[in-house]
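To start, the structure under review is shown below, and the notes come after it.
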């Protein structure tokens with residue numbers, strides 16, 4: 001497995017090259033590159049081999065996700081979406097749906113997954129998109145905002161109300177009634193294809209409705225988001241590694257007042273903080289992935305903890321890295337400038353800092369009181 | 001799927017499930033109490049329950065079986081585990 005992981009990491013390093021800054025400024029990654037990684041099964045590498053996937057553990061996929069995240073958070077965001085959608089299909093789909101869709105998701109087709117709506121962000125129970133069965137079709141009506149990867153996707157997994165509960169439906173982006181408009185100038189992850197998606201009387205064959213329909217909304221959302229949280233957390237480890245590398249290289253070589261920046265104690269302190277943050281985030285992510293690989297019930301809260309620790313550390317330390325590089329990094333497209341903007345979004349996505357803290361407080365009351 | 005886990009009796013399954021819930025909620029439960037109506041059980045906990053059942057009894061709860069009714073009471077969970085294990089051994 002480690003050979004396979006190294007080969008995959010080398011492939012991504014080669015494909016990304018020095019283009020991440022340009023993609024950030026252009027707001028677009030060449031779609032054929034994303035498809036290539038999809039066809040290699042690398043956008044959702046945990047899909048089991050029996051469905052055509054790589055069958056990687058969460059720990060291996062985490063290491064890979066951090067590597068991609070250190071190069072380009074937009075590309076890493078597309079991985080998170082593809083992985084979350086694949087996980088939702090694996091979890092909620094019937095045997096036939098799993099076989100059908102997972103082969104597509106590991107064969108080069110691209111997918112996004114939609115939760116957030118104009119009136120439903122942190123409170124996803126306020127979702128108003130509806131999914132209903134009408135004879136031999138399933139009908140979807142509603143709107144999704146900030147749907148990651150929708151600007152590239154062939155398919156969308158759309159979560160909505162279904163009777164008293166919730167359901168997820170697989171919607172081809174070329175179906176009648178689907179409209180996709182890119183978020184014009186996102187603060188971060190600018191090339192991740194974030195879009196507003198309109199769904200107007202979208203009619204699909206019944207088998208587009210994933211078989212776990214009717215479960216409670218909170219259950220469905222928590223299940224899908226748990227994968228996303230682990231993935232985002234590892235992506236933040238990547239951001240921290242990129243910042244650590246950029247800051248130490250700069251501090252070791254740039255001279256001011258007759259000595260390298262690293263010889264100035266206040267700057268050296270920043271380097272120590274960056275290292276601590278990168279190490280802490282790595283350890284907490286490893287813990288979440290081990291819980292996932294062991295199918296431990298603890299994984300639900302471990303994922304929230306990992307996401308929260310990694311995102312807050314990435315946001316704080318990306319700011320530190322910009323401080324260390326100063327004018328050398330204060331330019332759009334620069335690795336630390338991207339990190340600074342991308343990391344801030346990671347404090348919002350897949351459970352904001354505030355939501356994470358509420359969940360963790362609830363967990364603390366349950367286990368420690 | 002083949003499994004090396006021993007065959008659990010219904011009362012053993014019930015004991016496992018009750019112990020897990022009681023550890024996490026710090027209170028005792030009747031096997032027929034609606035866990036979700038009580039307000040003591042969150043969606044995070046519901047997912048933990050699914051994970052715990054899968055791991056302890058070597059089953060996979062996916063698709064249709066994820067509906068809340070299967071997790072509403074300890075009795076319902078015992079029936080779910082029983083059915084999934086029987087289906088598994090029948091394959």
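Rounded to the nearest 10 degrees, the angle from helix A:335-346 to the longest Cα principal axis of chain A is 40 degrees.
Based on Cα contacts under 8 Å between residues 6+ apart, region A:99-142 shows a relative contact order of 21 percent.
Where the alpha-carbon atoms of region A:311-355 are placed on the principal axes, they occupy 35, 17, 9 Å, in descending order. When Rg and the Kirkwood radius Rh are both evaluated on Cα atoms of region A:238-369, their ratio Rg/Rh stands at 1.08.
DSSP beta bridges confined to chain A are antiparallel in about 85 percent of cases.
With contributions of -39500 (n - 2.57) from each DSSP H run of at least four residues, the per-residue ellipticity at 222 nm computed over chain B stands at -17500 deg cm²/dmol. Compared with the alpha-carbon gap, the fully stretched path from residue A:126 to residue A:96 is longer by 7.7 nm at 0.36 nm per residue. Inter-chain Cβ neighbour count for B:44-57, averaged per residue, equals 6 (cutoff 10 Å, partner chain atoms only).
With runs of 4+ DSSP H residues as the only contributors, calculate the mean residue ellipticity of chain A at 222 nm using -39,500 (n - 2.57) per run, divided by the residue total and rounded to the nearest 500. One gets -18000 deg cm²/dmol as the mean residue ellipticity at 222 nm.
Computed from Cα atoms, the angle from the helix A:299-325 axis to the main principal axis of chain A rounds to 40 degrees.
A convex hull fitted around the alpha carbon atoms of region B:15-90 yields 82 Å³ per residue. Between residue A:185 and residue B:83, what's the calculated FRET efficiency when r is the beta-carbon distance and R0 is 41 Å? Round to 0.05. Once the sixth-power term is evaluated, E becomes 0.20.
Summary value for chain A: 18 percent relative contact order, contacts being C-alpha pairs under 8 angstrom separated by 6+ residues. Summarising the label geometry, the points placed 7 Å from Cα in the beta-carbon direction at residue A:2 and residue A:354 lie 4.5 nm from one another.
In terms of its Cα atoms, region A:1-113 spans 42, 30, 18 Å along the principal axes, sorted from long to short.
Relative to the longest principal Cα axis of chain A, at what angle does helix A:265-293 sit, 0 to 90 degrees, rounded to 10? On a 0 to 90 degree scale, this one is about 30.
Working note: Cα atoms of region A:242-288, range along each principal axis, descending, whole Å: 45, 17, 8. Dividing the mean sequence gap of close Cα pairs (under 8 Å, 6+ apart) by how many residues region B:1-72 holds gives a relative contact order of 31 percent.
When both region A:183-235 and region A:77-151 are represented by their alpha-carbon centers, they are found 5 Å apart.
For the options A:247, A:99, A:318, a Gaussian network treatment of chain A with springs between C-alpha atoms closer than 10 Å singles out A:99 as fluctuating the most.
The alpha carbon convex hull volume per residue for the protein assembly as shown rounds to 144 Å³.
By the Kirkwood approach, averaging reciprocal distances over each pair of separate Cα atoms, region A:98-205 gets a hydrodynamic radius of 14.1 Å.
A short reminder: the numbers here are calculations on the coordinates, not readings from a lab. Just so you know, these numbers come straight off a predicted model, no measurement behind them. No Cβ is skipped: glycine too gets one built from the backbone with ideal geometry, and neighbour counts run over all protein chains shown.
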